[in-house]
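To start, the structure under review is shown below, and the notes come after it.
The values are calculated or read from the model by the stated rules, or taken from the named source; none is laboratory data. Everything quoted here is computed from the prediction, not taken from an experiment. Positions of Cβ are generated from backbone atoms using ideal geometry, with glycine treated the same way; all protein chains shown enter the neighbour counts. These area figures cover heavy atoms from the full protein model, side chains too; ligands, DNA and RNA do not enter into them. Shrake-Rupley method; radii C 1.70, N 1.55, O 1.52, S 1.80 Å.
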Amino acid sequence: MKRLILILLASLATLSAAADSPVNHEGDTLDLRSRYDNNAEAEPVMPSDSECISSTDNTLDIGGIIFGHIGDAYEWHLFDTPKGPVELPLPVIVRSRTTGWHCFSSHKLSHGAVHEGFVIGDEGKVVELTPAGPVRPLDISITKNVLSLILSSILLALLVLLSARWYRRHDVLHESPSGIAALMEPLIMMIHTMAKENIGEEDYRKYSPYLCTAFLFILLNNFIGIIPFFPGGANLTGNIAITMVLAIATFLTVNITGTKHYYREIFWPEVPGFLKPIMPIIEVFSALVKPISLTIRLFANMLAGHIMILCMVCIIFIMARFSPVLFGSMTAVSVLFGLFLDLLECLVAFIQAYVFTMLSSIYIGLARQKH
Amino acid sequence: MNLVTPDTGLLFWMVVIFALLFFILARFGFPIITSMVEKRNTAISDSLKEAEKVKEMMAETVKEHEKMLLEARAEQGRIIKEATEAKKAILAEAQEKARAESDKILSEARTQIAAEKESALRDIRREVAVLAVSVSEKILREQLSSDAANKEYLDRLYTEAQTLSKDSAKEN
């Protein structure tokens, strides 16, 4: 069923992309570089794989390729064909200060087109063309990352709810879990036990669902980010907005449910008198730094992993310009390194999800101390 | 660089979707799973404890059994010993009795034999006496053909009879 939907979506996207894509008059499917040149001339705005060779010196725009992959986009680039890239157009939802809400498909903005006064600006974001110059409207478009977020959240909800259904329908005392329940149980119980150890017997139950949600969310999105093709490939956990929301959720959980003792430690700790005015500043600062460190750790780790893999892949295309021997040998090397980094990323995907959850539970545990 | 500046749209959607996801999963997902698994865990640990208890009970039962077996064996030995002793005692008693009986029978037989011997001797003696009398009568009848001799003999007989009667009187 899912595959059917995918095929349907893909064919739709193909149709829409074909309607907009520039026709490659040369028809030379083998000469990638000349096609890149053509596309680069036709579409100067958004950097994506097919457009990353600057038209002037005929070299690969590695930065453009990499940022095209790890960044957000208004359309989901699926793959390239000789006729041009195939993209899944996504809805653009913007609110202009003057003209109110606008909602239209992103393919209307492709190739620098202006639609309803909006255009994709130099930063790759939708801007409104006003007499005073380009203005950034309130932008809540369903971008590539948002769509990936929605899909992965649905997938996660399905995974957990289906395994919960197994537990509701079966007698746990007489049957061992099977299927999805058997897959999810170890992960959930790992976090549940960790919450118990770090937060304490008394009230870990209150926090365990949040920690489980955060862990599974990060883990799933980390893995989806490693998958190189649709519907994976969106760099969600390597996006600072995502990790920031997660870290702020932890920060709020910690500070809203903190005990009297926790706040006493921050504002009136038991230290010699002359330190009393200094300590609150340090403690408040440390409380604020915790979510920032959570944000940066996850974001930077995932981003760095993606960039490294992309660099490995790019080496192949950089070397294409040099001698065949160098090209061949470096291809082998970069494929091997790429494989190694992919496997490393699988490990990091788990470790970072675990570290985020563990630190969250430790912070919560510290804020729940009663004496 | 837009990598480190969070995008408002993504922030907005992330807050909405993550909050939704959290509420759905925290309400219908994780508590059910964790409570069920904990229920199973407590059931397992309870059964383990139960099994341990049963094992201990079994060990105790086995010990008791062994103790009982040992006791039974001791009892058996004791009984056998007693029975052997009783057998010996009975045998000894029976032998004793038999010996006494045989002694008694022997002594009775002996007295009877003695008595019969006595009576036989008496009979013989009497027979001998009768024979002697008849023999002597025959001899006398020969010798007493003369009167003198007859008379003398009569005297002597007379005295003899007198002593004899005296003897018999004494004997009786």
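Per-structure values
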item	result
Residue selected from region A:128-152 under the condition within 7 Å of another protein chain (Cβ to nearest Cβ), open to solvent by less than 10 Å² (accessible area, probe 1.4 Å) and in a helix (DSSP H, G or I), by the criterion nearest to residue A:218 (Cα to Cα)	A:149
Yes/no for residue A:180 being of a type outside the set (Ser, Thr, Tyr) and surrounded by 15 or more Cβ atoms within 10 Å (Cβ to Cβ)	yes
Qualifying positions in region A:171-195 - of a type outside the set (A, V, I, L, M), within 10 Å of chain B (Cβ to nearest Cβ) and more than 12 Å from residue B:33 (Cβ to Cβ)	A:171, A:174, A:175, A:176, A:193
Boolean, residue A:274 is out of contact with any helix residue (DSSP H, G or I) (no Cβ under 9 Å at 6 or more places or on another chain) and at pLDDT 90 or above	no
Residue A:292 vs. criteria aliphatic (A, V, I, L, M), without any contact (Cβ under 8 Å) to a residue 60 or more places away in the chain and open to solvent by less than 20 Å² (accessible area, probe 1.4 Å)	no
Of residues in region A:77-120 being within 14 Å of chain B (Cβ to nearest Cβ) and crowded, with 16+ Cβ neighbours inside 10 Å, the one nearest to residue A:235 (Cα to Cα)	A:90
Looking only at region A:234-257, and only at residues there that are away from chain B (no Cβ under 14 Å) and out of contact with any Leu (no Cβ under 9 Å at 6 or more places or on another chain), the one that is nearest to residue A:352 (Cα to Cα)	A:255
Scan of region A:160-200 for residues that are among the polar types (S, T, N, Q) and without any contact (Cβ under 8 Å) to a residue 60 or more places away in the chain, ordered by number	A:163, A:176, A:178, A:193
Condition check for residue A:252: surrounded by fewer than 16 Cβ atoms within 10 Å (Cβ to Cβ) and more than 26 Å from residue A:189 (Cβ to Cβ)	no
All positions within region A:104-119 that are without any contact (Cβ under 8 Å) to a residue 24 or more places away in the chain and in contact with a helix residue (DSSP H, G or I) (Cβ under 6 Å, 6 or more places away or on another chain)	A:115
Residue count for region B:24-67, restricted to those that are of a type in the set (A, V, I, L, M, F, W, C) and more than 7 Å from chain A (Cβ to nearest Cβ)	8
Some residue of region A:126-139 being of a type in the set (Lys, Arg) and within 26 Å of residue A:75 (Cβ to Cβ)	yes
Hits in region B:114-172 - residues which are hydroxyl-bearing (Ser, Thr, Tyr) and part of a helix (DSSP H, G or I)	B:119, B:134, B:136, B:153, B:158, B:159, B:163, B:165, B:168
Selection count where residues are out of contact with any helix residue (DSSP H, G or I) (no Cβ under 8 Å at 6 or more places or on another chain) and more than 9 Å from every other protein chain (Cβ to nearest Cβ), scope region A:155-169	2
Unique residue being more than 30 Å from residue A:180 (Cα to Cα) and in a strand (DSSP E or B) when the list is A:69, A:77, A:107	A:77
Criterion violated by residue A:101 - all others in (1) in contact with an Asp or Glu (Cβ under 9 Å, 6 or more places away or on another chain); (2) assigned to a strand (DSSP E or B) satisfied	(1)
Qualifying residue in region B:92-109 (condition: under 56 Å from the mean Cα position of the chain (by Cα), open to solvent by 90 Å² or more (accessible area, probe 1.4 Å) and polar (S, T, N, Q))	yes
Of all residues making up region A:348-371, the number that are under 16 Å from residue A:210 (Cα atoms), under 24 Å from the mean Cα position of the chain (by Cα) and among the aromatic types (Phe, Trp, Tyr)	2
Total residues in region A:219-231, condition in a helix (DSSP H, G or I), over 8 Å from the mean Cα position of the chain (by Cα) and away from every other protein chain (no Cβ under 11 Å)	4
Single unsatisfied condition, residue A:122 versus (1) touching a residue at least 40 places away in the same chain (Cβ under 8 Å); (2) not polar (S, T, N, Q); (3) not in a loop (DSSP other than H, G, I, E, B)	(3)
Options A:195, A:234: the member that is assigned to a helix (DSSP H, G or I), open to solvent by less than 20 Å² (accessible area, probe 1.4 Å) and of a type outside the set (Ser, Thr, Tyr)	A:195
Filter result for residue A:258 (on the phi < 0 side of the Ramachandran plot, within 32 Å of the chain's Cα centre (by Cα) and part of a loop (DSSP other than H, G, I, E, B))	yes
Residue match in region B:3-23 (condition: at the interface with chain A (Cβ under 7 Å from one of its Cβ atoms) and of a type in the set (D, E, K, R))	yes
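Yes or no, residue by residue, for (1) exposed (fewer than 14 other Cβ atoms within 10 Å of the Cβ); (2) at pLDDT below 90; (3) of a type in the set (Ser, Thr, Tyr):
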{"position": "A:286", "(1), (2), (3)": "yes, no, yes"}
{"position": "A:297", "(1), (2), (3)": "no, no, no"}
{"position": "A:302", "(1), (2), (3)": "no, no, no"}
{"position": "A:308", "(1), (2), (3)": "no, no, no"}
{"position": "A:317", "(1), (2), (3)": "no, yes, no"}
{"position": "A:326", "(1), (2), (3)": "yes, yes, no"}
{"position": "A:338", "(1), (2), (3)": "no, no, no"}
{"position": "A:360", "(1), (2), (3)": "no, no, yes"}
